[in-house]
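The values are calculated or read from the model by the stated rules, or taken from the named source; none is laboratory data. Values in this document were obtained by computation on a predicted structure and should not be read as measured data. Cβ sites come from the backbone with ideal geometry, for glycine too, and all protein chains shown count toward neighbours.
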Amino acid sequence: LPQNQWVQYRVGLGALDTAQTPTLDFIQIYYQVDTPYDFTLTPSSASASIVQGGTVNGLLTMTVTVTNGSAGPATTISYSSPGGGPTISPGSCTPATGTCVVDMNVNASSAALGSYTITATGSNGTLTRYASFTVTVDPAMDFSLRWAPTSQTSGEVIRGYQGNSNIQTVVELMRNSGAVENVFITADEPAGVVVAPEPVLCSTMTTGVWVTCASFTISAAASAATGNPTVTFTGVTDQSGTAHTVAFALRVRTPLAFSLSNMSGPAFQGNSVTRQTTGTYGGLWAGTEQVNFVGFSSTSNPSAFSPQLASDGSQGVISVSFSGGTCTLGEASASCQKSVTVTPSTLVPVGQYVITITGTPAISGSAYARQATFTLTVDGPFDFSLSCGGCAGSIEQGQEIVIPVTVSSPSAVGASVSVSVSGYPVASTGIFSGSCTPYLNNPCTATLY
């Protein structure tokens with residue numbers, strides 16, 4: 001029973017025996033006096049900040065606490081602030097267990113800079129209570145974005161090879177002015193192009209200092225279209241919505257298309273011959289890749305040799321090795337050369353061998369490999385013969401004679417042959433030796449004076 005209140009009761013009496021009259025001696029009434037219901041309003045903090053133009057849901061909370069009585073009725077909370085200040089949406093809650101909490105959604109989209117004392121009014125229809133707190137409206141953050149390093153503004157990926165063909169790049173952020181805000185960065189990549197992770201949350205505390213915001217990996221699925229799309233990365237502050245962008249010039253390409261030139265050359269048993277194969281870029285949206293060559297021999301890769309030698313080396317071994325710089329082909333490198341050295345051992349039978357050379361793109365792999373042939377002529381020990389069309393004649397004292405000597409060889413591989421003269425008169429002068437290099441079907445002439 002509330003204080004200062006009264007209750008009137010009426011008691012009725014009746015008897016079953018009409019010969020008797022009932023009387024009321026006493027009546028016992030139980031009652032409880034309730035204390036007056038009351039409540040308080042308590043903000044979660046005495047002050048808070050928001051940037052100009054921003055909206056923050058749950059910037060603060062307001063707690064309704066029952067101080068007298070049991071659970072109270074629904075309480076509506078409204079807020080008022082001086083002109084030019086932020087606005088807060090009203091809310092309500094029911095303190096069914098003695099307390100309840102209302103989120104404060106603060107809007108400073110039209111607020112002027114400065115600090116504002118906000119008055120909260122809570123009412124349950126019977127009682128009204130108040131609380132106050134301060135909200136400061138700070139200037140919105142301005143910022144800049146850039147790539148790190150600053151020169152990395154473009155790059156190439158080969159579609160369908162995301163694990164092996166991707167670009168690792170870093171975005172840096174600098175706060176130029178205003179209050180601290182978080183910045184969310186997203187990318188507008190075209191279909192099939194993958195940017196990860198995304199979105200990314202960045203924050204910076206120091207004005208005028210570049211800090212690492214996020215590292216991104218850019219790649220392209222097999223479904224991506226070839227071309228030169230520009231991927232724009234946009235950073236937006238979480239309160240004021242200030243936005244800035246940084247662009248990345250992406251090149252999406254297909255696996256490398258290329259060709260290799262054939263080679264040929266002779267070598268003696270136990271010696272080597274070196275030639276160069278030229279790689280030529282195929283063009284038309286093909287990507288840039290390094291072409292790899294792996295050394296091998298007739299025992300480690302017998303299928304590359306025609307005819308094949310015995311795999312146990314009983315017929316000798318032909319080895320193939322590569323030297324020279326990196327062979328990279330692409331739009332900026334239309335051709336490259338790789339030195340190929342072939343060495344037949346002393347047991348390799350004399351004859352001709354066609355060796356298959358394979359160049360494999362480092363990214364797209366064996367599916368896009370290309371081949372060339374090295375036609376090797378293996379020759380035995382070098383041999384030669386001499387002939388002289390004018391090896392007989394006479395000469396007067398004090399005169400000279402020219403003797404041309406033809407040097408011929410059946411060997412496929414040439415070797416230098418020195419020709420000299422002996423048996424001439426002791427007193428003769430001006431007799432010199434000569435040399436030349438003959439090989440199969442290519443005789444040479446050494447001239448003796």
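Quick notes
- A single entry from Val170, Val193 fulfils the requirement of being under 15 Å from Thr217 (Cβ atoms), surrounded by 20 or more Cβ atoms within 10 Å (Cβ to Cβ), in contact with a strand residue (DSSP E or B) (Cβ under 8 Å, 6 or more places away or on another chain) and of a type in the set (A, V, I, L, M): Val193.
- The set of residues in segment 201-214 that are under 28 Å from Ile158 (Cα atoms) and either among the polar types (S, T, N, Q) or modelled with pLDDT of 95 or more (or both) contains only Thr212.
- Filtering Ser92, Ser49 for residues that are part of a strand (DSSP E or B), of a type in the set (Gly, Ala, Ser), surrounded by fewer than 16 Cβ atoms within 10 Å (Cβ to Cβ) and at pLDDT 95 or above leaves a single hit, Ser92.
- Per the conditions (1) of a type in the set (Gly, Ala, Ser); (2) surrounded by fewer than 16 Cβ atoms within 10 Å (Cβ to Cβ); (3) outside any strand (DSSP E or B), the sole criterion not satisfied by Ser215 is (3).
- Within segment 103-126, the set of residues being of a type in the set (S, T, N, Q) and either over 18 Å from Gly83 (Cβ atoms) or buried (at least 16 other Cβ atoms within 10 Å of the Cβ) (or both) comprises Asn105, Asn107, Ser123, Asn124, Thr126.
- Segment 153-182 residues that are touching a residue at least 60 places away in the same chain (Cβ under 8 Å) and aromatic (Phe, Trp, Tyr), paired with ones that are assigned to a strand (DSSP E or B) and surrounded by fewer than 20 Cβ atoms within 10 Å (Cβ to Cβ) (beta carbon under 7 Å, 6 or more apart): none
- Candidate set from segment 402-423 (those that are surrounded by 13 or more Cβ atoms within 10 Å (Cβ to Cβ) and either among the aromatic types (Phe, Trp, Tyr) or in a loop (DSSP other than H, G, I, E, B) (or both)); member that is modelled with the lowest pLDDT: Ala412
- Within the option set Ser240, Ser311, Ser272, being surrounded by 18 or more Cβ atoms within 10 Å (Cβ to Cβ), more than 19 Å from Arg370 (Cα to Cα) and either over 28 Å from the mean Cα position of the chain (by Cα) or at pLDDT 95 or above (or both) holds for one residue only, Ser240.
- Those strands (runs of 3 or more DSSP E) of segment 233-298 in which at least 1 residues are touching a Cys at 6+ places or on another chain (Cβ under 7 Å), considering only elements entirely within it, cover 273-281, 289-292.
- Inclusion of Thr18 among residues that are at pLDDT 75 or above, in a loop (DSSP other than H, G, I, E, B), loosely packed, with under 10 Cβ neighbours inside 10 Å and among the polar types (S, T, N, Q) is not warranted.
- For segment 52-75, the set of residues classified as assigned to a strand (DSSP E or B), loosely packed, with under 14 Cβ neighbours inside 10 Å and more than 44 Å from the chain's Cα centre (by Cα) consists of Thr67, Asn68, listed by residue number.
- Hey, Ser78 surrounded by fewer than 19 Cβ atoms within 10 Å (Cβ to Cβ), touching a strand residue (DSSP E or B) at 6+ places or on another chain (Cβ under 6 Å) and either on the phi > 0 side of the Ramachandran plot or in contact (Cβ under 8 Å) with a residue 40 or more places away in the chain (or both) or not: yes
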